[in-house]
Amino acid sequence: MTTTESAEQSRLWSPDRRGPTAGIILLVTLLAFEAMGVSTAMPRMVSDLRGDELYAWPFVAFLAASVVATVLSGRFCDLRGPKPVLLAGPLVFLAGLLVAGFAQEMGSLLAGRVLQGFGAGMQIVAIYVVIGLVYPERDRPAVFGALAAAWVVPSLVGPALAGFFTEHLTWRLVFLALAPLVLIGFLLLVPVLRTLPVHVDGVVPARRGLLLAAVGGGVGVSALSWAAQHPRGLNLVLGVVGLVVLVPSLRILLPRGTLTARRGLPVVVLARGMLAGSFFATEAFIPLTLTSVHGYSPLQAGIPLTLSALGWSSASMWQSRRSDIPRGTLVRWGFVLNATGIAGVTLIAPEWGPAWATAPLWAIAGAGMGLAMSSVSVLVLAASTDADRGFNSSAVQISDMLGSAFLVGLGGVVVTTFASTAAPTAAIIPFDLAMAALAVLGAFLTGPRTKPTA
């Protein structure tokens, strides 16, 4: 560890910041374990509850609730500060774990997933606001580097542990085993909240129509996700309706000029959605390509995703030590690395492609995400004031969720429509190239343009 790195880490763990640092890392780690475990256990839990025809709905319900909670959390943080939200969020998330863990039918499972999504959405925005309140700008890259590292262990052991529970014990432990940890985290968090700076009431923009836009965002994203996963008949009409509802909602939920890539905060928020969308949409089909085209086992197909998580964490920690490099430059570098990894894995789609190269290529893409995502978060907080820190933190999360949901769904439509019954090669190649092009566009849009005009 270098002297600079050691100094930065010591600032995070100094007596006046030790509590907030431990609290937010613990919350993110528990959210990460839940996120990494549910996908592994979902086929068994849906089958046991006789809800195969509703397989996608636990994911859709979580996403919709997260969108609504993210918006409301941002608003409440601006008006009252993050303390009430950070007290309520873990308890709502805990209730969702218990409801889902004891579910006897699909309705209860969906109710639990709604509560989990609502609790997660509340917490993540409040965590951003806490970072803006507690840590000066010079320390924020290190905080976001630590949060990225909090995903490493869940990424490495979460799916395997969930698989073990599901196969040898019960899928219910995916939820119930986390419940006591969340309760412990909540009890540890209560004294931490007392150390936070007192919220000072100020002039907060009215933001008319925000509640209705939050509901519209949740409904729109859910409709698009469902239609993308079931692209046929009336579901396509539902997708169009969702888009019609979503677009006007985004004009309220995002900073003005986001969808047109206006210089400053708007293009930074847009960059978050482009990063998440291009990366996760490509990653969603890597295991499918490796198993169906190259005959990999599910375990082998998951190795590139693990290396990507390690690359993400390592690059995020590296950027936290480079205060000499402008954040906008790091975002641009991140897009370039992301585009390189995505374009590279395009070559894996044919049978003659070097499947072994997927792991290093996807580690490169993960490193790009580590550079750019942490830097985007730093830039958002730097552009925020006490009156809009919650709104801007909410907006960047909305951009992330929407970009991921829309482009992963689009990939599903492309694969379903154009892939052959034997292999998805014909669909994967053009889709991956499109995602690489999107990442290249992100590189052109960012850099110096992430700075607001004087």
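Throughout, read-outs are computed from the coordinates displayed, never taken from laboratory work. These numbers were taken from a predicted model, which means no experiment stands behind them. Ideal geometry is used to build each Cβ from the backbone, glycine not excepted, and the neighbour counts take in all protein chains shown.
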- Message: What percent of all Cα-Cα pairs in region 299-400 falls into each 5 Å bin, going from 0 up to the bin containing the maximum distance?
- Response: 3, 13, 19, 19, 17, 13, 8, 5, 3, 1, 0, 0
- Two-decimal ratio, region 211-367, of alpha-carbon radius of gyration to 2.2 N^0.38 Å: 1.24
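For Thr385 and Ser323, FRET efficiency with R0 = 25 Å and r from the beta-carbon atoms, rounded to 0.05?
It comes out at approximately 0.65.
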- Task: Taking 7 Å along the Cα-to-C-beta vector as the label spot, tell me the Leu98-Ala359 distance in nanometres, rounded to one decimal.
- Result: 4.4
- Please work out the C-alpha center-to-center distance from region 109-139 to region 239-293 and express it in whole Å. 20
- Query: Cα convex hull of the chain: how many Å³ per residue?
  - Reply: 136
- Item | Cβ crowding within 10 Å averaged over residues, with 363-369, 339-345 ranked highest first | 363-369, 339-345
- Message: Can you tell me the length gained on complete extension of the stretch Ala160 to Ala111, counting 0.36 nm per residue apart and subtracting the Cα distance?
- Response: 15.1 nm
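Please list, by residue number, every one of the trypsin sites (Lys or Arg not before Pro) in region 120-203 that is coil in DSSP and has at most 12 other beta-carbon atoms within 10 Å.
Passing sites in region 120-203 do not exist.
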- Task: Loop only per DSSP, at most 14 neighbouring Cβ atoms within 10 Å: give me the chymotrypsin sites (Phe, Trp or Tyr not before Pro) in region 102-192, ordered by residue number.
- Result: Phe102
- Message: Below 8 Å, C-alpha to C-alpha, sequence gap of six or more: please give me the relative contact order for the chain in percent.
- Response: 21
- Item | Separation between Cα centres of region 386-409 and region 50-103, rounded to whole Å | 15
- Based on the alpha-carbon gyration tensor of region 245-302, what equivalent-ellipsoid semi-axes (square roots of 5 times the eigenvalues) come out, in whole Å, largest first? 36, 12, 7
- Note on the structure: Inverse of <1/r> over all distinct C-alpha pairs of region 58-196, i.e. the Kirkwood Rh in Å, gives 16.1
- Cβ-Cβ FRET estimate between Arg194 and Ala426, R0 fixed at 56 Å, reported to 0.05: 0.45
- Note on the structure: In vacuo Debye sum over C-alpha of region 126-285, base-10 log of normalised intensity I(q)/I(0) at q = 0.09, 0.10, 0.16, 0.20 Å⁻¹, listed in q order, is -0.52, -0.65, -1.41, -1.33
- Note on the structure: Expressed in angstrom, Rg and Dmax over the Cα atoms of region 350-400 are 17.1, 56
- Work out the FRET efficiency for Leu211 and Val241 from their Cβ-Cβ distance, taking R0 = 22 Å, and round it to the nearest 0.05. 0.60
- Task: Provide the gained length on full extension for the span His168 to Gln300, in nm with one decimal, where the gain is 0.36 nm per separating residue minus the Cα-Cα distance.
- Result: 45.4 nm
